[in-house]
Amino acid sequence: MTSFTYNPTNFYRSTYESPVGQAIWAFLQTSESLLVMSVADHLRRPAIEGITPFLKERFGAELDSHLLKRTIGNMVGAIQRQRGKVVRSYTKLKDSSVFDRGAVWIDAA
């Protein structure tokens, strides 16, 4: 498993430090999650769109929390930046009952 660093601002800190926040952070760093995010990047789709079905499967009703969803987006952004990505654009997600929109990431160089 690749290890990334996440330094949340005070706004996200309590959610990140909660048991579900820690579980989601660990999940986002798995090789499976990183592969799905990479495929989404290649298809010019938001990384969050690719992993949403797996988040729903694993965390279910926990995803009803608006703050948790914002924290997940912030976590994904931290991972993507550490992978050398930058935001290309934001787009509305297709068929997502969890997230409304997401960032499309491209290589920085």
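The values are calculated or read from the model by the stated rules, or taken from the named source; none is laboratory data. Computed from a predicted structure; not experimentally measured. Using ideal geometry, Cβ is built from the backbone for each residue, glycine included, and neighbour counts are taken over all protein chains shown. Surface areas here come from the heavy atoms of the whole protein model, side chains and all, with no ligands, DNA or RNA. Shrake-Rupley method; radii C 1.70, N 1.55, O 1.52, S 1.80 Å.
Observations, loosely collected:
- Taking the listed residues Lys56, Lys92, the one that is touching a residue at least 40 places away in the same chain (Cβ under 8 Å) and either in contact with a His (Cβ under 9 Å, 6 or more places away or on another chain) or open to solvent by 40 Å² or more (accessible area, probe 1.4 Å) (or both) is Lys56, with no other qualifying.
- Tabulated pairs, the stretch 64-75, first in contact (Cβ under 8 Å) with a residue 60 or more places away in the chain, second of a type in the set (Val, Ile, Thr), C-beta under 6 angstrom, 6+ apart or interchain: Thr71/Thr15
- Screening Thr52, Thr71, Thr15, Thr2 for residues that are assigned to a helix (DSSP H, G or I), among the polar types (S, T, N, Q) and over 20 Å from Val104 (Cα atoms) leaves exactly one candidate, Thr15.
- With respect to (1) within 20 Å of Val98 (Cα to Cα); (2) modelled with pLDDT under 95, the lone exception for Met1 is condition (1).
- For Phe27, the conditions (1) within 22 Å of Arg101 (Cβ to Cβ); (2) in a helix (DSSP H, G or I); (3) open to solvent by 30 Å² or more (accessible area, probe 1.4 Å); (4) free of Cβ contacts under 8 Å to residues at least 40 places away in the same chain all hold with the exception of (3).
- Residues satisfying the stated conditions in the stretch 34-46, i.e. without any contact (Cβ under 8 Å) to a residue 60 or more places away in the chain and in contact with a Phe, Trp or Tyr (Cβ under 6 Å, 6 or more places away or on another chain): none
- Tally, over the stretch 81-105, of residues that are assigned to a strand (DSSP E or B), more than 14 Å from the chain's Cα centre (by Cα) and within 23 Å of Leu63 (Cα to Cα): 2
- Some residue of the stretch 59-72 being open to solvent by less than 60 Å² (accessible area, probe 1.4 Å), of a type outside the set (Asp, Glu) and over 26 Å from Asn10 (Cβ atoms): yes
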